[in-house]
Amino acid sequence: MFDYSLAHWLAFLSAAVLLNLSPGPDIAFILGHTMRGGKRAGFSALFGVWSGACLHVLMAALGLSAVLAASAFAFSTVKWLGAAYLVWLGIQALRAGGAGSLIKAAGERLPIARIYRQGILVSLLNPKVAIFFLAFLPQFVVEGAGSAWAQLMLHGGLIIVVAAFIEPPLVLLGGRLADALRHNEKIGVWLDRGLGALFLALGARLALSSR
C-alpha cells in the first residue's frame, strides 16, 4: 500500500511546490483579504480555500470531476456561477469605501466566518481547479500501490500539506504590512477598492476561460 519509489516522490513533491508557488486566483484572494483585514482575515481566507481544495480532491477521487470535464453544460454552469460570485464580491468591496478595511477598531471582530465561506466558494466555483486535479493527480497513480481513489486522496492531500508550508508565511508577511497601515484611513479605502478591482478581474478571467 502506497509503495512508491524515491523518483516518484521527488517528481511529485517538485511539481507540488511549483504549483503552490505559481500565482493564481486563490493566492490573490488570500493576499487580498490579508491586506484588507490583516492576518486574521488572511488565515480565514486561507483555510476556506484549503477546505474548497479538499472538496475538489474528494470529487476527483470519486470521479465527479470527470463529469464536469466531460459536460460542456456543467462546466459552463459552474464557470458562470463562479464568475458571478466573484463579481458580486468585487462590487461589495468597492461599495465598502473603507468601512470594512484595515481601519476597523481594534476590538471589532472581522467577519472571519464569512471570509472562510467565501474562500470555499471561490475554490469550489472554479471549474478549472476541478479539471486540474482530475488531470494532475492521476499521473501519480501507480499500479499495485493501492486503490486508485486512495492514491488520489493521498496525493491530493499532500498538495494541500505542501501549501501549508508555502502560503502561511505569505499571510504573515502581508499581515505585518497590513498592521503597519492599520491607522491610515485613505490607504484603507484604496485597499477596499483594490480588493474590489481584483475580484472583478478574477471574475472576468473566469468568465472568459474555456476548458
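Every residue, every condition in (1) at pLDDT below 80; (2) assigned to a loop (DSSP other than H, G, I, E, B); (3) not basic (Lys, Arg), yes or no:
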residue: Leu58; (1), (2), (3): no, no, yes
residue: Phe75; (1), (2), (3): yes, no, yes
residue: Gln92; (1), (2), (3): yes, no, yes
residue: Gly98; (1), (2), (3): yes, yes, yes
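Remark: pairs (first residue in region 2-26, within 26 Å of Ser44 (Cβ to Cβ); second residue modelled with pLDDT under 75 and open to solvent by less than 60 Å² (accessible area, probe 1.4 Å); Cβ separation under 7 Å; 6+ apart in sequence or on different chains) = Pro25/Asn126; Pro25/Leu202. Hey, any hits in region 6-26 for a residue that's buried (at least 24 other Cβ atoms within 10 Å of the Cβ) and over 13 Å from Pro168 (Cβ atoms)? The answer is yes; a qualifying residue exists.
The values are calculated or read from the model by the stated rules, or taken from the named source; none is laboratory data. In this text, all values refer to a predicted model and were calculated from it rather than measured experimentally. Positions of Cβ are generated from backbone atoms using ideal geometry, with glycine treated the same way; all protein chains shown enter the neighbour counts. We work out accessible area using only protein heavy atoms, side chains counted, and drop any ligands, DNA or RNA first. Shrake-Rupley method; radii C 1.70, N 1.55, O 1.52, S 1.80 Å.
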